[in-house]
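Heads up, the thing below is written out as structure tokens.
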Amino acid sequence: EMGHNLGINHDRGFCKCIAGPCIMLPTISTKPAYQFSSCSVQEHQRYLLRGRPQCILNKPLRTDIVSPPVCGNYFVEVGEECDCGSPQDCQSACCDARTCKLKHKAQCDSEECCKKCRFKKAGAKCRAAKDDCDLPELCTGRSAECPTDSFQRNGHPCQNNQGYCYNGKCPTLTNQCIALQGPGM
């Protein structure tokens, strides 16, 4: 039922897949489903554009992972400093794959504000602004993590003064009408 977590409802009768049954069929099929229908793809795109779902866009905190740590699974879990896979697969110059600890003198491994095992300097851009209401994020020089996404203040003009930022989005009259009535109205 992963499709429901992505904002997708069950397919209707006119939704089709190129080969075999679609993933979001309302009934169980005897054949395995490997594709989303064009309807599902469109619903997911509308979901992403409409709500800017934070659960998909935000990386979970290490403390949110509640299973016991397993060194070598590529997930940095509680008690680990890094996790680059098994000793045979590890490509990191910063991480000891046997212990999931940083190598001697390494500050970080592969995060957005890490370069050659050291924190990037304060002010280095780690995430560009996505649109008029988003702000670029800059490394602090004291952490390998890119800071939390930040936005223009509410009321800041956006889209060539056609709208004003509100909670990280730029609602314009045109876009609001399209969202309510559909294109071409």
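The values are calculated or read from the model by the stated rules, or taken from the named source; none is laboratory data. The model shown is predicted, which means the values in this text are computed figures rather than measured ones. Glycine also receives a Cβ, built like all others from the backbone with ideal geometry; neighbour counts cover every protein chain displayed.
Of all residues assigned to the range 10-31, none qualifies as being of a type in the set (Asp, Glu), closer than 30 Å to His104 by Cα, assigned to a loop (DSSP other than H, G, I, E, B) and at pLDDT 80 or above.
Within the range 33-49, residues that are farther than 12 Å from Gly7 by Cβ reach partners that are loosely packed, with under 13 Cβ neighbours inside 10 Å and small (Gly, Ala, Ser) with beta carbons closer than 8 Å, at six or more positions or on different chains, in the pairs Ala33/Gly20; Tyr34/Ala19; Tyr34/Gly20; Gln35/Ala19; Gln35/Gly20. Screening the candidates Thr174, Thr140 for the property of being β-branched (Val, Ile, Thr) and either in a strand (DSSP E or B) or modelled with pLDDT under 95 (or both) yields one hit, Thr174.
A single entry from Asp131, Asp109 fulfils the requirement of being in a loop (DSSP other than H, G, I, E, B) and more than 30 Å from Arg46 (Cβ to Cβ): Asp109. Keeping to the range 143-171, report how many residues are in a loop (DSSP other than H, G, I, E, B) and either in contact (Cβ under 8 Å) with a residue 12 or more places away in the chain or surrounded by 10 or more Cβ atoms within 10 Å (Cβ to Cβ) (or both). Adding up the residues that qualify gives 18.
Cβ separations smaller than 7 Å between residues 6+ apart or across chains give the following pairs from the range 72-99 residues that are part of a loop (DSSP other than H, G, I, E, B) to residues that are hydroxyl-bearing (Ser, Thr, Tyr) and modelled with pLDDT of 95 or more: Cys82/Ser92; Cys84/Ser92.
How about the range 40-71: which of its residues are at pLDDT 70 or above, small (Gly, Ala, Ser) and in a helix (DSSP H, G or I)? Listed by number, the list holds a single entry, Ser40.
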